[in-house]
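Take a look at the structure below.
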Amino acid sequence: MNRRLVPTREDCVYTSCYCEENVWKLCDYVRKQRTAPLEHLFVIFISNETRTVPLWKQKSGHGDLPVIWVCDVTVNTADQSDSLVYDLDSTLSFPCSLKLYAAQALRSESDIRPEYHRKFRVVPADSFLLNFASDRSHMRNSDGSWKMPPPTYAPICTAECQMNLDGFINMDPAIGWGVVFSLNHFLQRYIGSTSSASSSSSSAARSS
């Protein structure tokens, strides 16, 4: 591709802790600017049944310790020979090769307790743009105040739905959009290898 797929990291629409909306805006940019065919892009929701997923190389991390997220969302290109990850919350390059992202941000699950194992819901970008809706209610406290300041633009919704974020975060393959993979199956599908180099893990995520 001669043109940038998306703007530079600094020029992307970004709101901290609203990764699903940040990714929607990235996909919408590609759709409007036609920088690539949407069928070449996939939105990746990373979560699990306990909604506690460790990721390394995150902006909010400290040193080499992981950040434990409820969910993280990235954009991936589909080419297995050079699959790229666009993660606005990562300290790695933007974009970053999936092989490097797997080695440094995902890492191995061999020494991580099962409740922290990650799953990956892969949704075609065009399906995500068409179906995703969030009224941001998951970011409100019980008294109605915001857990984190919301984006300044209006909530993303469809004609039929105001809120279906759980259909993307939920890792039950029978619910929601796209296909759900384990870490090894995801890496095998998108880089042709199940290896993701492992270094030190958080004591919170380490097996006992």
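The values are calculated or read from the model by the stated rules, or taken from the named source; none is laboratory data. Since the structure is predicted, the reported quantities are computational estimates derived from the model, not experimental observations. All Cβ positions, glycine included, derive from the backbone under ideal geometry; neighbour counts span all protein chains shown. For accessibility, only protein heavy atoms count, side chains too; no ligands or nucleic acids. Shrake-Rupley method; radii C 1.70, N 1.55, O 1.52, S 1.80 Å.
Assorted remarks:
- Distance-filtered residues of region 25-45 - backbone nitrogen under 20 Å, label point 7 angstrom along VAL70 Cα→Cβ: 25, 44-45
- Among the protein heavy atoms, those of HIS62 account for about 140 Å² of accessible surface (1.4 Å probe, every chain in place).
- Each Cα pair under 8 Å and six or more residues apart adds its separation to the average, and for the chain the resulting relative contact order is 24 percent.
- Eligible lysines near LYS99 by straight Cα distance, threshold 21 Å, same-chain separation 8 or greater: LYS57, LYS59, LYS119
- Radius 11 Å from Cβ of VAL53, net charge of other residues (Lys, Arg +1; Asp, Glu -1): -1
- Per residue, the solvent-accessible area of the chain (1.4 Å probe, heavy atoms of protein chains only, all protein chains present) comes to 48 Å².
- Counting only protein heavy atoms and using a 1.4 Å probe, the accessible area of TRP146 comes to about 90 Å².
- Under 5 Å, built H, 5+ apart or other chain: amide partners of LEU41: ALA125
- Going by accessible surface with a 1.4 Å probe and the largest first, GLU160, GLU109, GLU39, GLU115 read GLU160, GLU39, GLU115, GLU109.
- Computed from the Kirkwood radius of its Cα pairs, the Stokes-Einstein diffusion coefficient for region 9-115 at 37 °C and 0.692 mPa s stands at 226 µm²/s.
- The chain - percent of accessible surface contributed by carbon and sulfur, probe 1.4 Å: 52 percent
- Taking all protein chains as they are arranged and a probe of 1.4 Å, the heavy atoms of LEU65 leave approximately 100 Å² accessible to solvent.
- From the coordinates shown, Rg and Dmax of the Cα atoms in Å corresponds to which of (i) 32.7, 104; (ii) 16.4, 50; (iii) 17.6, 57: (ii)
- Förster-model FRET efficiency, 45 Å R0, THR194 and SER142, C-beta, rounded to 0.05: 0.60
- Each listed q (0.12, 0.19, 0.28, 0.29 Å⁻¹) maps to a log10 I(q)/I(0) for region 49-109, found by the Debye formula over equal Cα scatterers with no solvent: -0.28, -0.68, -1.27, -1.32.
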